[in-house]
Amino acid sequence: DYTREELMHIVSGQMPERRWGHTLGVMESAVALARRYGEDPQRADLAALLHDVAKYWPIEQQEAVIRDHQLNMELLDYDKQLLHAEVGAYVAQQDYGVEDTSVIDAIRYHTSGRVGMTKLDKIICLADYIEPGRDFPGVDRIRELAEHSLEEALVAGLDSTISFLIEKQKRIFPTTVLARNDLILQIR
Ligand code: DGI
Ligand code: FE
Ligand code: FE
Ligand code: FE
């Protein structure tokens, strides 16, 4: 098994400097959200560390991992940006020895979301939107919402992604819409 320090070295070596900065930001935000909402900070830290590990792999290589290991093939019909989450979950498990399935799932669903997101899933997906380095229209409102509700903040995040995809006339992976609808039901 790898130590946290070894994993940090392995992950940082697979991405440009600015993406490593993003990863450190997601780790910081995820740990803060874990403390606020009663999740295990160590799990949040590990999932955040690995969440974008495959982001800069060549797309053909990402597609090959999904095909060769019969992962979620439906992803292949949508935006290529969705692939790195599925691939990252696979390599975290197979290559980096992560056995905690809650961590693997949080990596797997950090981009698309899913119906029935766990608390850790929500934390990683939300931390990805609000980490200190992020700057997009509406991010400060999402940061504010994140102080009192994981679900409200995450719906706002997913809404911004869905709006962006609509604006660009891109297809939306249906699971993202289903995840967003499911989270709305959880807001009281
Ligand atoms: O990897 P990051 O850039 O840190 O963030 P991410 O893993 O959340 O990737 C988000 C990108 O994926 C964003 O640019 C929008 C794009 N994307 C394309 N189609 C979809 C999608 N995101 C979601 N949630 N759903 C889609 O259908
Ligand atoms: Fe990502
Ligand atoms: Fe995300
Ligand atoms: Fe990310």
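Being closer than 21 Å to Phe164 by Cβ and away from ligand 4 (no atom under 14 Å from the Cβ) is the requirement here; does Asp105 meet it? So Asp105 fails the test.
Note down all Cβ pairs under 8 Å where the first residue falls in region 81-96 and is free of Cβ contacts under 8 Å to residues at least 12 places away in the same chain, the second is of a type outside the set (S, T, N, Q) and crowded, with 18+ Cβ neighbours inside 10 Å, and they're at least six residues apart or on different chains. Going by the 8 Å Cβ cut-off, the qualifying pairs are Gln93/Ile104.
For region 11-61, the set of residues classified as more than 11 Å from ligand 4 (Cβ to nearest atom) and among the basic types (Lys, Arg) consists of Arg18, Arg35, Arg36, Arg43, listed by residue number. Identification of helices (runs of 4 or more DSSP H) wholly contained in region 74-152 with 3 or more residues that are within 13 Å of ligand 2 (Cβ to nearest atom) and crowded, with 18+ Cβ neighbours inside 10 Å yields 83-94, 101-108, 119-130. Checked against the criteria, Gly157 does not count as crowded, with 19+ Cβ neighbours inside 10 Å, outside any helix (DSSP H, G or I) and within 15 Å of ligand 3 (Cβ to nearest atom).
Of all residues in region 93-116, those satisfying the criterion of being among the charged types (D, E, K, R) and within 16 Å of ligand 3 (Cβ to nearest atom) are Asp105, Arg108, Arg114. The set of residues from region 162-188 being within 16 Å of ligand 4 (Cβ to nearest atom) and out of contact with any helix residue (DSSP H, G or I) (no Cβ under 7 Å at 6 or more places or on another chain) comprises just one member, Phe164. Of the residues making up region 163-188, those that are assigned to a loop (DSSP other than H, G, I, E, B), in contact (Cβ under 8 Å) with a residue 24 or more places away in the chain and over 17 Å from the mean Cα position of the chain (by Cα) number 3. Would you check if Leu33 is touching a residue at least 12 places away in the same chain (Cβ under 8 Å) and either surrounded by fewer than 18 Cβ atoms within 10 Å (Cβ to Cβ) or within 16 Å of ligand 3 (Cβ to nearest atom) (or both)? Taking the combined requirement at face value, the residue satisfies it. Against the conditions (1) crowded, with 18+ Cβ neighbours inside 10 Å; (2) in contact with a helix residue (DSSP H, G or I) (Cβ under 7 Å, 6 or more places away or on another chain), His22 satisfies every one except (2).
Just so you know, all these numbers are worked out from the coordinates, no wet-lab data involved. These numbers come from a predicted model, not from an experiment. Don't worry about glycine lacking a Cβ; one is built from the backbone with ideal geometry, like all the others, and counts go over all protein chains shown.
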